[in-house]
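J.: One structure coming up, written as structure tokens, with questions to follow.
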Amino acid sequence: MNPSDSLPPGRLDRRTAIKWMMAAAATVALVDRLPLGAAPAAGPTGYGTDPDLTKPYHPGDYWPLTFTAEQRRTATALCDVIIPADATSPAASAVGVPDFIDEWISAPYPTQVRDRAVVLEGLAWMDDEARKRFGRSFADLDVPRQRTICDDICYAPEAGAAFKTAAAFFNRYRDLTSGGFYTTPVGMKDIGYVGNMPTPTFAGPTPEALKHLGLA
Amino acid sequence: MPIVTASKTQVSYDVIVVGSGAGGGQTAYTLAMEGVKVLMVEAGRNYDPVRETPMFQTNDQAPLRGAGTPDKVSGFFDATVDGGWQVPGEPYTNASSEPSRQFSWWRARMLGGRTNHWGRISLRNGPYDFKSYSRDGLGFDWPISYEDVAPYYEKVEMLVGVYGSNEGLENTPDSAPGVLLPPPRARAGELLAQQRAKKLGLPVIPIHRAVLSVTQDAATIPAKLHPGNPAAQRILAQAMRERAACFWATSCGRGCSIRANYQSTTVHLPPALATGNLDILPDAMVREVTLDENGRATGVLCIDKVTGEERRLQARVVVLAASSAESVRILLNSRSVRFPNGVANSSGLVGKYIMDTVGARLGGQVPLLENLPVYNEDGAGGNHVYVPWWLYQEQKAGRLDFARGYHIEFQTGRGMPGLGAATAVAGLTHGAYGQRFKEEARRYYGSFVSFAGRGEMIPNADSFCELDPTVKDRWGIPVLRFHWKWSDHETRQAAHMQRTFADLITAMGGKPDPLAADGARAIEAGGRIIHEVGGTIMGSDPKKSVTNPWCQTWDVRNLFVTDGGPFVSNADKNPTLTIMALAWRASDYLIGEMKKGNI
């Protein structure tokens, strides 16, 4: 039996994470030497090289998810600090971004396996830091208090020495949150994408757009 | 005749075509329309773009928001099936471990091959491109000239449908009047680049792409393509009517269910199948060309991937169009007492002089494009304009430190957001998050531009492929081992590309990303542009080439290669249109030889 099978979800130890990472990274290099198409290293599999492209997918369809209830609370709170509701669009959690991040860190591919460790450790750090500063979990803080922590880690090049790792996590988490948000219909509308609509002709830039560029 | 299984193939065919992409599709089309009985053998599965293409799916409907993974390298919705830089169980190797000497080989295992996902850029080689050695003493001349190929460019453009314009520029051929479809209007970022490029001397003109900007003229084109053949005309007219014009949405890389762009599976194969002269055998991996005691090809030996059994398929003629490197592999694996080094290899040149395209890229951010009034910029699912190579005279005068040219492809505008839609915002704003992040994301979205150079590589003796002495694929077939080396001409060209793009972005009022330290770092690795050609080069001397000017192997009269293998040089122009033109030309010749009884 694979020792990692007995680990509770979300508590992937570093050794197992590294093993997955190595196995996934080795797939590319090793394929060259595998005799007669021997099976790649064991572990959760991805969606394969020929998935059905026309059906809608949901987190959890291909590989089991990771977040514990506690991790999910922190993840959701942080998503919504990064993308809060405003007059134009709702918060990230309203369009399923925490589910997407859970799907992402649970995937068996090398990039996602790397992010898994970063995100799980980062979420734990957020909670530890919240308890240290305010005696409560991150999700239980009000937004101004949440922001005092985030302000220390929101820009890695200017983060203090003690915050470097947390800042790297925050940066990655912000990318995942914004990417998860702006790829939804709500997010696409917010950011100004109005395509993916069949039209009989391509009209080109509007007079307003041309004027904006000084090309009218 | 239809898609068949191995047990349903006929006893014998006139022609076996190995491969179903641009070369195989065109060959099978031309032959079947003229009454030749063809069996097409494809290593991948059957694929139906009309049913399988994810046309309007958004990234949130895909696993991982559509991001690329080792299973789907170009993103979840990319059309490629069972392919990418690696095909499970079907490896290839590189002889060197040095990073600069790697070759990456993109394959697809599906009907239509790489034509299902390609960029549809369809540029003609110009007169210079066929006589490069005569112009600068490097590489080789083709045994044919632009005039030999021009009529076939015309035919292919009419058949597949190509938008673009005639500009009368040097070595950038015009098509005959009425052949090209009208080009779409330029997008805002493309227009800004066009205006600012003027003072740099860069001509920004409509690009040529195999996308129907309007429906094809089904009433007149079929008679031009198949004079004196009313049955073919009728079938083609019907096939053309079944293709819709572009509806200006969705990326071409997903394929096209309304058949508005060219892919072999929507343009070549439906009419070819409708003639009743074509059988298609998918899931069949060709191992070698079989020969009789006189050294004539008798067919192919393949592995039925469904049952794992070996099958012998018979025909009067064998045409390899498996992709240039895969065709090399089949030839080298066809070893016998008569041909100990592989078939058609008396010159020793099978696998030699493989080429890719020189690629380098640079992006930047353009403040003028921030907060651009919103409009739908999807357009034709790819470039609307480009810059053809413009420095022929400077090069001739010796003012450049590299020998051949490149063209520039554009990436501008507000495409459908992917995972990276707002990742640059954090850096630009020194760490914005929250309400401010949302405002900055709106401001910056669509303000990024990126330019990609696509340049000519000169063939060299250090870039070749051969059989790996030990590694075999899951079918027990020896695999290819690649050797690769760029010359200074390519790396200097890559550095020139980046400098040009930096100048252009600056001229647009933008801030270019940092340039690579030198050309060797700017250039993309071998094979990465997926313009794999050469390896069975054509020529007029059997000692110095693998095929004659008709893509017919010198050593075996009834064996042809109609993929990119016979390319003698790899002009900056993307190779697909030329592959199709040469395949049509070779097929016409083949039909003539069969009629004369020479084959």
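Taken together, the values in this text are just the output of simple stated rules run on the coordinates, not laboratory data. Small disclaimer: the values here were computed from a predicted structure and weren't measured. Ideal geometry is used to build each Cβ from the backbone, glycine not excepted, and the neighbour counts take in all protein chains shown.
J.: Please work out the C-alpha center-to-center distance from the stretch B:172-245 to the stretch B:51-74 and express it in whole Å.
T.: The distance from the Cα centre of the stretch B:172-245 to that of the stretch B:51-74 comes to 29 Å.
J.: Between helix B:576-596 and chain B, what is the angle of the helix's C-alpha long axis to the longest principal axis, kept within 0 to 90° and rounded to the nearest 10?
T.: 20 degrees
J.: Right, next: What do you get for the angle between helix B:22-33 and the principal long axis of chain B? Use alpha-carbon atoms, 0 to 90 degrees, nearest ten.
T.: Between helix and principal axis, roughly 50 degrees.
J.: Check which residues have an amide H placed less than 5 Å from B:PHE560's amide H, if you skip close sequence neighbours.
T.: B:VAL318, B:VAL319, B:LEU320, B:THR553
J.: Take every Cα pair under 8 Å in the stretch A:67-216 that's 6+ residues apart, average their separations, divide by the length, and report that relative contact order as a whole percent.
T.: On the way: 130 pairs, mean separation 35.4, N = 150.
The normalised contact order for the stretch A:67-216 reaches 24 percent.
J.: Non-local amide H neighbours of B:THR290 (under 5 Å, H modeled in plane, Pro and chain starts lacking H): which ones?
T.: Hits under the 5 Å cutoff: B:THR298, B:GLY299, B:VAL300, B:LEU301.
J.: A follow-up question, please. Report ³J(HN,Hα) in whole Hz for each residue of the stretch B:502-510, in order, from the Karplus equation J = 6.51 cos²θ - 1.76 cosθ + 1.60 where θ = phi - 60°; Gly and Pro get x.
T.: Each residue of the stretch B:502-510 in turn: 4, 4, 5, 5, 4, 5, 7, x, x Hz.
J.: For A:VAL194 paired with A:ALA216, estimate the spin-label separation in nm (one decimal), with each label point 7 Å from Cα along the Cα-to-Cβ line.
T.: Simple spin-label model gives 1.5 nm for this pair.
J.: I want the local charge near A:ASP80. Using Cβ-Cβ distances under 13 Å, sum +1 for each Lys or Arg and -1 for each Asp or Glu among the other residues. Numbers along the way, then the final one.
T.: On the way: positive: A:ARG72, A:ARG73, A:ARG147, A:ARG174, B:LYS438; negative: A:ASP86, A:ASP142.
Its environment carries a net charge of +3.
J.: What lysines sit close enough to B:LYS305 to cross-link, taking a C-alpha to C-alpha distance under 18 Å and skipping anything fewer than 8 places away on the same chain?
T.: B:LYS8, B:LYS472
J.: Taking θ as phi - 60°, what are the ³J(HN,Hα) couplings along the stretch B:537-554 by the Karplus curve (6.51, -1.76, 1.60), each to the nearest whole Hz, with x for Gly and Pro?
T.: Calculated HN-Hα couplings, in order: 4, 8, x, 9, 10, x, 7, 10, 7, 9, 10, 7, x, 9, 6, 9, 5, 5 Hz.
J.: Label A:LEU65 and A:ARG136 with points 7 Å out from Cα along Cα→Cβ: what is the distance between them in nm?
T.: Distance between the two pseudo-spin positions: 2.5 nm.
J.: May I pose another question? Give me the net charge for the shell around B:ASP78: Cβ to Cβ below 9 angstrom, other residues only, Lys and Arg +1, Asp and Glu -1.
T.: Numbers: positive: B:LYS72, B:ARG254; negative: none.
Result for the neighbourhood of B:ASP78: +2.
J.: Relative to 2.2 N^0.38 Å, what does the C-alpha radius of gyration of the stretch B:27-184 come to as a ratio? Two decimals please. Show your work: numbers first, answer last.
T.: Working: Rg = 20.1 Å, N = 158, 2.2 N^0.38 = 15.1 Å.
Normalised Rg, Cα atoms only: 1.33.
J.: Next question, about the same structure. I need the per residue convex hull volume for chain B, using only the alpha carbons, in cubic angstrom as a whole number.
T.: Details: hull volume 88.3 nm³, N = 599.
Expressed per residue, the convex hull around the Cα atoms of chain B is 147 Å³.
J.: By per-residue mean of other Cβ atoms within 10 Å, what is the highest-first order of A:85-97, A:197-209, B:342-354?
T.: Details: A:85-97: 18.0, A:197-209: 15.1, B:342-354: 23.2.
So the order, starting with the most tightly packed, is B:342-354, A:85-97, A:197-209.
J.: Two-decimal Rg/Rh of the stretch A:56-191 from alpha-carbon positions, Kirkwood Rh?
T.: Values: Rg = 14.5 Å, Rh = 15.2 Å.
Here the Rg-to-Rh quotient is 0.96.
J.: Using a Cα-Cα cut-off of under 18 Å, which aspartates and glutamates could be cross-linked to B:LYS37, ignoring same-chain neighbours fewer than 8 residues away?
T.: Within reach: B:ASP14, B:ASP279, B:ASP588, B:GLU593.
J.: If I take every Cα pair under 8 Å that is 6 or more residues apart in the stretch B:211-313, average their sequence separation and divide by the length, what percent do I get for the relative contact order?
T.: Working: 119 pairs, mean separation 18.1, N = 103.
Answer for the stretch B:211-313 is 18 percent.
J.: Run the Debye formula on the Cα coordinates of the protein assembly as shown, all scatterers equal and no solvent, and tell me log10 I(q)/I(0) at q = 0.04, 0.07, 0.08, 0.11 1/Å.
T.: -0.18, -0.54, -0.71, -1.31
J.: Can you work out the Karplus-derived ³J(HN,Hα) for every residue in the stretch B:289-299? Use 6.51 cos²θ - 1.76 cosθ + 1.60 with θ = phi - 60°, whole Hz, and x for glycine or proline.
T.: So the J values, rounded to whole Hz, are 8, 8, 10, 8, 5, 8, x, 8, 5, 10, x.
J.: Using the alpha-carbon atoms, what tilt in degrees (0 to 90, nearest 10) does helix B:188-197 show relative to the longest principal axis of chain B?
T.: 80 degrees
J.: Quick check on my link table: of B:LYS224/B:LYS573; B:LYS155/B:LYS396; B:LYS199/B:LYS438; A:LYS211/B:LYS573, which ones sit more than 30 Å apart, alpha carbon to alpha carbon?
T.: Working: B:LYS224/B:LYS573 26 Å; B:LYS155/B:LYS396 32 Å; B:LYS199/B:LYS438 36 Å; A:LYS211/B:LYS573 34 Å.
With Cα atoms farther than 30 Å apart: B:LYS155/B:LYS396; B:LYS199/B:LYS438; A:LYS211/B:LYS573.
J.: Work through the residues other than B:MET285 whose Cβ is under 15 Å from its Cβ and net out their charges, Lys, Arg +1 and Asp, Glu -1.
T.: 0
J.: A follow-up question, please. Using Cα-Cα distances under 8 Å and only pairs 6 or more residues apart, what relative contact order does chain B have, in percent? Numbers along the way, then the final one.
T.: On the way: 1412 pairs, mean separation 133.6, N = 599.
Over chain B, the number comes to 22 percent.
J.: So, one more: For the stretch A:151-205, would you read off the P(r) tail past 17 Å as a percentage of all alpha carbon pairs? Walk me through the intermediate numbers first.
T.: Details: 845 of 1485 pairs.
The share of Cα pairs beyond 17 Å in the stretch A:151-205 comes to 57 percent.
J.: What ranking of B:ILE258, B:ILE523 emerges when the number of other C-beta atoms within 10 Å of each C-beta is taken as an exposure proxy, fewest first? Please report the intermediate quantities before stating the final value.
T.: Details: B:ILE258 19, B:ILE523 26.
Final ranking by Cβ density, sparse to dense: B:ILE258, B:ILE523.
J.: Step by step: find N for the stretch B:222-331, compute 2.2 N^0.38 Å, then divide the Cα radius of gyration by it. What's the final number?
T.: Details: Rg = 18.0 Å, N = 110, 2.2 N^0.38 = 13.1 Å.
In units of the globular-protein estimate, the stretch B:222-331 measures up at 1.37.
J.: Once you order the gyration tensor axes a ≥ b ≥ c over the Cα atoms, which shape class does the stretch A:125-188 get: rounded for a/c under 1.5, otherwise prolate or oblate by comparing a/b with b/c?
T.: Details: a/c = 2.62, a/b = 1.41, b/c = 1.86.
Judged from the Cα gyration tensor, the stretch A:125-188 comes out oblate (a/c at least 1.5, b/c at or above a/b).
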